[in-house]
Amino acid sequence: MLGIGEMARASGLSISALRFYDGAGVLAPASVDPGTGYRRYAERQLPAARLLAGLRRIGMPLAEITRVLELRGSDPAAVSRLLDAHLLRLEEGLADARREAARLRVLCTAAEPAAEPEIRLTVPGPKLAAAVDAVRFAVGTDPGLPMLGGIHFEIDQGMLRLVATDRYRMAVSAVPSDTGPATGNSTATGDATGLGDATAPGSRRVTAPVSFVDAARALLTGGWPATLTLGSAAVALRVRDRHVTGTPLEQDFPDYRRLLRTATAGPGRRRVTVDVAGLRERLTAGETRTVVRPDDGTRCAVSVLAVDAADRLTVSSADAAALPDGPVVRVGVDREFLLDALDAAGPGQLVLELDGPIRPLALRRPDDDRAFSILMPVRI
């Protein structure tokens, strides 16, 4: 029998490692003194301990170490496969490290890029306030996704576009400028249609933190024009003699254009015009079904919107008996998210676009196709 110190010296494992593997059930001592707690190991355990020390040195995960020790005497081929798989992971990790090191060398030796000049845009204050209100509800609050914790501002050929998303919903609005974007001493004017090209000359993309957005919104109350300045180091808004500044978010905003193209495409999309107040009343009065989101485990109350062949809208709680007869297109949505989108859209009418249970629901204003929101579906 070997004491724990003798076992450590003979196997190459430290005393603390032997205690850890005992606690993990990987290599238990042959006996433990009930009075002193001293561990004693049998000499026949020494080969397993030395194998364990070697597997530890090459960084094999604990679960696979346990499996190797279980199979070492009965299935050498399985042990060989486990070792090969681990070596492949090490080789792939080394290749990734080499690529990253090469990239870091370039970053360390490359000259600092010239800072882009700030772009200033003057827009009608009330229209900017309405655009902020139309997207503010979709700003993300997850600290693990800081790039979603603000509103994304884009200037493109004289059009200011605002975008916000928290992964489950997205809102887009746009404001034409009074002066066009000013960069240094040059001024470009024009009118953008659709999504435009945010990488064209004279364009700018900046994600402003929600703290700046809320402070800026508080200035947009008197009907005066507002001057918005977007730069890589700072964002600012001035209304007459009042102004507010902020620091843009460092993280890149996601490629929302790809989602929009996916969400708004498809020949089978159904369009139905609804009264906002009437739809809100039906949602708040109707029953819902509680669903747990599989990605984050949160619970949400789901309403099902269904449109039949005659373009009649039905709001239900995912109960098939409540759905209209005949062919229908339906989608489940988070009721609270939909109510938020209706509040942001304001009174009047909206056009709902839906294309089945796995495609996003889009809400558009009939008088402004540049302002809309998208709600991701909830599986029911």
Say we join alpha carbon atoms closer than 10 Å with springs in a Gaussian network model of the chain; which of ASP334, ASP368, ASP33 then has the biggest fluctuation?
ASP33
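Within 10 Å of each residue's Cβ, count the other Cβ atoms and sort VAL331, VAL272 from fewest upward.
Working: VAL331 24, VAL272 16.
So the ranking, lowest neighbour count to highest, is VAL272, VAL331.
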Once percent of Cα pairs over 35 Å apart is worked out from the coordinates, which option in (i) 20; (ii) 42; (iii) 51 does it equal?
(iii)
With angles folded into 0 to 90 degrees, how steeply does helix 335-345 sit against the dominant principal axis of the chain? Use alpha carbons for both and round to 10.
30 degrees
How would PHE253, PHE372 line up from fewest to most surrounding beta-carbon atoms within 10 angstrom?
PHE253, PHE372
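By how many nm would the segment from ARG72 to GLU250 lengthen if fully extended, with 0.36 nm per residue of separation less the alpha-carbon distance? Provide the component values of the computation, followed by the final result.
Numbers: separation 178, 0.36 × 178 = 64.08 nm, distance 5.07 nm.
Between ARG72 and GLU250, full extension yields 59.0 nm more.
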Which angle from 0 to 90°, rounded to the nearest 10, does the C-alpha axis of helix 76-109 make with the longest principal axis of the chain?
50 degrees
Using Cα springs under 10 Å in a Gaussian network model of the chain, which residue among ALA138, ALA164, ALA95 shows the largest mean-square fluctuation?
ALA95
Given the options SER303, ALA10, THR207, identify the residue whose Cα lies farthest towards the positive end of the charge dipole of the chain (+1 on Cβ of Lys, Arg; -1 on Cβ of Asp, Glu).
ALA10
Burial ordering of HIS86, HIS152, HIS243, fewest other beta-carbon atoms within 10 Å first
HIS243, HIS86, HIS152
Rg and Dmax of the range 2-108, using alpha carbons, in Å: what are they?
17.9, 62
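If you put +1 on each Lys and Arg Cβ and -1 on each Asp and Glu Cβ, how big is the dipole of the chain around its Cα centre, in Debye rounded to 20?
780 debye
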Counting Lys +1, Arg +1, Asp -1, Glu -1, what net charge surrounds SER173 among other residues with beta carbon under 12 Å of its beta carbon?
+2
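Given Cα pairs under 8 Å that are at least 6 residues apart, what percent is the relative contact order of the range 2-79?
So the answer I get is 27 percent.
Each reported figure results from applying straightforward, stated rules to the coordinates on display, with no laboratory input. What you are looking at is a predicted structure, and each value in this text was computed from that prediction instead of being measured. Note: ideal-geometry Cβ built from the backbone for every residue, glycine included; neighbour counts use all protein chains shown.
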